[in-house]
Amino acid sequence: MKQIAFEQFKINVHKKTGINLNQYKEKQMKRRLTSLMTKRGFSTFDEYWQALQKDKDLYREFLDRITINVSEFFRNPQRWDILENRIIPNLIKQKRDNLKVWSAACSTGEEAYSLVMLLNKFFSLDKVNVLATDVDETVLKEAKKGKYSQEKVKEVNKDRIKKYFEIEDKLYQVNNQVRKRVTFKKHNLLEDKYESNFDLILCRNVMIYFTEEAKKNLYRNFYNALSPGGVLFVGSTEQIFDANRIGFNSIETFFYQK
Ligand SMILES: C[S@@+](CC[C@H](N)C(=O)[O-])C[C@H]1O[C@@H](n2cnc3c(N)ncnc32)[C@H](O)[C@@H]1O
């Protein structure tokens, strides 16, 4: 009975949000949702679903729980050093003018803005364009605002803080020049079409939540979305074990080249 209720819950969620929970690791997702539902005083997924229809805050909390959108600037800084010192210079050698870059599952935008700051070391800002996408419209709204707590910018060096942020009431606002370089769009990695000819794609800290099958499709889609020589940069627990079979070369840990 419980499983049937969860199956129906997943169908409802898919219809309402476009997010197909069957493509997320079931045990983990069910545990996350059951603990939230119980915390809010519901004992069945039916009851919980009915309540979600009526209560906006409850619904927002539920969406946050399924999308898990924590992020920060230059998350895992050693990886960003490799991106800056090895990957980007090599991409520039292949293609000198400018790079087509995508921050997939960008959450509240920290990763996309970090990319602009990093690319500005190699190109003037007017040549830098980053596409940043997420399935969750609420995080995209926050991303466009570009305002962050100190905790989120702790890995940003002093020069970059000075150059790219305005600080007010302990909040760090990404300046207009940087914000203009990012295009935020809604995109579901598991259902929507991908653009093509990217030189660099970042998809970090989301694939861990997907089933093996969903991940395989994702890798294939990213492969097709890259230009020859283009690079996919994944999160620090998201190594691709059969990268060669897809056609990728593992050029550094967590970096895969087409
Ligand atoms: C933990 S955040 C990662 C943010 C950033 N990439 C980073 O590494 O700091 C995961 C993001 O994936 C998004 N997400 C979850 N499922 C998705 C899907 N099917 N398509 C696109 N984005 C998705 C969530 O909304 C969330 O904002």
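Worth a mention:
- Within the chain: Cβ-based charge dipole about Cα centre, in debye rounded to nearest 20 (Lys, Arg +1; Asp, Glu -1): 220 debye
- Taking the square roots of 5 times each eigenvalue of the Cα gyration tensor of the stretch 1-157, largest first, gives ellipsoid semi-axes of 39, 16, 14 Å.
- Paramagnetic label reach from Asp97 (point 7 Å along Cα→Cβ; backbone nitrogen cut-off under 14 Å): within the stretch 116-130, residues 127-129.
- Centre-to-centre separation between the Cα atoms of the stretch 73-130 and those of the stretch 207-252: 18 Å.
- Pairs exceeding 20 Å between alpha-carbon atoms, taken from Lys121/Lys145; Lys145/Lys186; Lys147/Lys185: Lys121/Lys145.
- Value of Rg/Rh across the stretch 77-257 [Cα atoms, Kirkwood radius]: 0.95
- Pairs from the table (Lys127/Lys154; Lys25/Lys193; Lys15/Lys127; Lys54/Lys180; Lys170/Lys193) lying more than 31 angstrom apart at Cα are Lys15/Lys127; Lys54/Lys180; Lys170/Lys193.
- Cα-based reach from Lys258 at 16 Å (exclusive), listing lysines while leaving out same-chain residues under 8 positions away: Lys93, Lys95, Lys100, Lys216
- The translational diffusion coefficient of the stretch 80-154, from Stokes-Einstein at 25 °C and 0.890 mPa s with a Kirkwood hydrodynamic radius over alpha carbon pairs, comes to 184 µm²/s.
- Across the stretch 1-157, Cα pairs under 8 Å and at least six residues apart give a relative contact order of 20 percent.
- Accessible surface of Ser124 - all protein chains present, 1.4 Å probe, nearest 10 Å²: 60 Å²
- Asp64 - accessible surface, heavy atoms, 1.4 Å probe, Å² rounded to 10: 60 Å²
- Accessible area, probe 1.4 Å, largest first, for residues Tyr194, Tyr113: Tyr194, Tyr113
- Glu168 contributes about 130 Å² of solvent-accessible surface, heavy atoms of the protein only, 1.4 Å probe.
- A dipole drawn for the chain from +1 and -1 charges on Cβ atoms has a positive end, and of Val153, Ser124, Ser236 the residue lying farthest that way is Ser124.
The values are calculated or read from the model by the stated rules, or taken from the named source; none is laboratory data. In this text the structure is predicted, and so the values were computed from the model without any measurement. As a convention, Cβ positions derive from the backbone with ideal geometry for all residues, glycine included, and neighbour counts pool all protein chains shown. Side chains included, ligands, DNA and RNA excluded: accessible areas come from the protein's heavy atoms. Shrake-Rupley method; radii C 1.70, N 1.55, O 1.52, S 1.80 Å.
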